[in-house]
Structure formats: C-alpha cells, structure tokens
1. Run the helix sum for the chain: -39,500 (n - 2.57) per DSSP H stretch of 4+ residues, divided by residue count, reported at 222 nm to the nearest 500 deg cm²/dmol.
2. Relative to the longest principal axis of the chain, what angle (0 to 90°, nearest 10) does the C-alpha long axis of helix 14-23 take?
3. Tell me, 6, 42, 105, 96 in order of fewest to most beta-carbon neighbours within 10 Å?
4. Could you point to the label whose value was computed as mean projected area of the Cα convex hull in nm² for the structure here, given (i) 12.1; (ii) 8.5; (iii) 10.4?
5. Which angle between 0 and 90 degrees, to the nearest 10, do you get for helix 42-54 versus the longest principal axis of the chain when only C-alpha atoms count?
6. Sorted by mean Cβ packing within 10 Å, highest first, what order do the peptides 77-90, 20-33 take?
C-alpha cells in the first residue's frame with residue numbers, strides 16, 4: 001500500500017505516518033516514485049500505536065513495545081504500571097468532578113461559606129485531592 005492508501009485506511013495523516021517512520025515506529029518497504037510503500041500489516045501496527053497513545057504512553061514507550069523484527073513485544077509490567085497511573089488519574093478527576101458538582105448545587109449563600117467547599121479547596125491546594133478517603137462522602141457533600 002502506498003502512503004495515501006495507509007492514510008485513508010487508518011485515518012492518520014501522511015505527515016504523521018512520515019513522522020512515525022522517522023521515529024522508527026513503522027517502516028516503509030520501498031517506494032513507488034516518491035511515495036512510500038508499506039506492508040499491509042502496518043495497519044495493525046498503527047492500531048497498536050493508537051491504543052498506546054490513548055492509554056497515555058509516549059511514542060518512545062510505544063517504540064519499545066516492538067521487537068527489532070517489528071513484532072509486538074509488550075512489557076506486561078509496564079502495562080500494569082500504566083493501569084495504576086490511570087487509576088490515580090481517574091481518582092483525581094473524579095474528585096474534581098465531584099467538587100464541581102457540589103459547587104453547582106451547594107445551597108450555601110456563598111461558596112466560601114460552605115464548609116465542604118472550603119475543605120475541597122484546602123484539599124486541592126495541598127495536592128492530596130487524588131487519594132481515596134480525601135473527599136467527603138456523598139452524604140457529607142450535601143451538608144453545609
């Protein structure tokens with residue numbers, strides 16, 4: 001397949017494909033005129049790259065997921081560590097979401113008069129908003 005076909009089938013711009021090739025993530029198998037040619041399995045490789053990107057892996061981390069022969073060689077420990085990192089991010093974003101929901105419905109005349117809102121501000125300022133047990137329970141969130 002030439003680079004145009006790969007771009008159409010994968011939805012990835014040709015400029016990104018050239019960049020991926022430059023980074024060693026994909027390899028062309030030749031040229032047809034000025035256009036790079038790729039083996040059909042490049043689409044599977046691009047899908048794996050897309051999955052890695054959506055999980056938050058850097059391109060360098062993704063590059064290390066391929067053996068020198070181009071076949072996937074994924075470190076399971078790296079996957080487990082990324083899953084733990086995503087869990088921490090989810091907890092933090094959930095806490096932020098809950099804070100915003102509370103602020104949106106808090107019956108206090110001013111958010112600054114709401115003890116729950118003030119606790120949430122202090123937690124955010126201390127950088128501890130990402131851990132379990134740091135946020136008020138759903139019942140506490142609606143008390144003022």
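1. The helix-only estimate for the chain comes to -17500 deg cm²/dmol at 222 nm.
2. Tilt of helix 14-23: around 90 degrees.
3. Values: 6 22, 42 25, 105 8, 96 15.
So the residues, fewest neighbours to most, are 105, 96, 6, 42.
4. Structure-derived value, by its label: (i).
5. It works out to around 20 degrees.
6. 20-33, 77-90
None of the figures in this text is laboratory data; all of them are computed from the coordinates on show. Model, not experiment: these values are computed from the prediction. Don't worry about glycine lacking a Cβ; one is built from the backbone with ideal geometry, like all the others, and counts go over all protein chains shown.
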